[in-house]
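The values are calculated or read from the model by the stated rules, or taken from the named source; none is laboratory data. Treat the numbers as computed from the prediction; the structure is a model and nothing was measured. Cβ atoms come from the backbone with ideal geometry, glycine included; neighbour counts cover every protein chain shown. Heavy atoms of the whole protein, side chains included, go into the accessibility calculation; ligands, DNA and RNA do not. Shrake-Rupley method; radii C 1.70, N 1.55, O 1.52, S 1.80 Å.
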Amino acid sequence: MNNDILLKILQLDSLVRFLDWGERVRIHLYREGIFNSTTPKILAAYEWVINESWEPPVMHYGEDRFQYFHDPELDMWVENENYLNYFPEYKEELNKLKF
């Protein structure tokens, strides 16, 4: 598995919250070469990132400690929890990853 795509999965999870804590750790350990297997959910996200040619938005933490992504069309920072409201075309597929 490509480490860049695994990083994108972690970034996607920061926006959508579909991985559990153990899966996030597993991705980090896989990227470091400690694990050599993943989970079905990670594999599904990996395929989704590739199929959609998904690129993560610019993100940062605000002074309020919430994480935000930048919406370039509106030129504003939006709380990550609202990502799917701005990209409804991803909603159905990404919500499937949660379960």
Arranged from highest to lowest average of other beta-carbon atoms within 10 Å per residue, in what order do the peptides 9-17, 77-85, 55-63 appear? 9-17, 77-85, 55-63
Which distance in nm do the two modelled labels at Glu92 and His60 give, with both placed 7 Å along the Cα-to-Cβ direction? 3.6
Label point distance in nm, Asn36-Phe99, each placed 7 Å from Cα along Cα→Cβ: 3.6
Write down the accessible area per residue of the stretch 3-97 in Å², having rolled a 1.4 Å probe over the full set of protein chains. 63
In whole percent, how big is the carbon plus sulfur part of the accessible area of the stretch 1-61, probe 1.4 Å, protein atoms only? 51
Give the relative contact order (percent, whole number) for the stretch 3-97; include only Cα pairs under 8 Å separated by 6+ residues. 28
Ellipticity estimate at 222 nm from DSSP helix runs (n ≥ 4, -39,500 (n - 2.57)) divided over the chain, nearest 500: -14500 deg cm²/dmol
Compute the signed sum of charges (Lys and Arg +1, Asp and Glu -1) over the other residues within less than 12 Å, Cβ to Cβ, of Val58. -3
Which label in (i) 8.4; (ii) 7.8; (iii) 6.7 gives the computed mean projected area of the Cα convex hull in nm²: (iii)
Might you report the magnitude of the Cβ-based charge dipole of the stretch 3-97 about its Cα centre, with Lys and Arg at +1 and Asp and Glu at -1, to the nearest 20 debye? 520
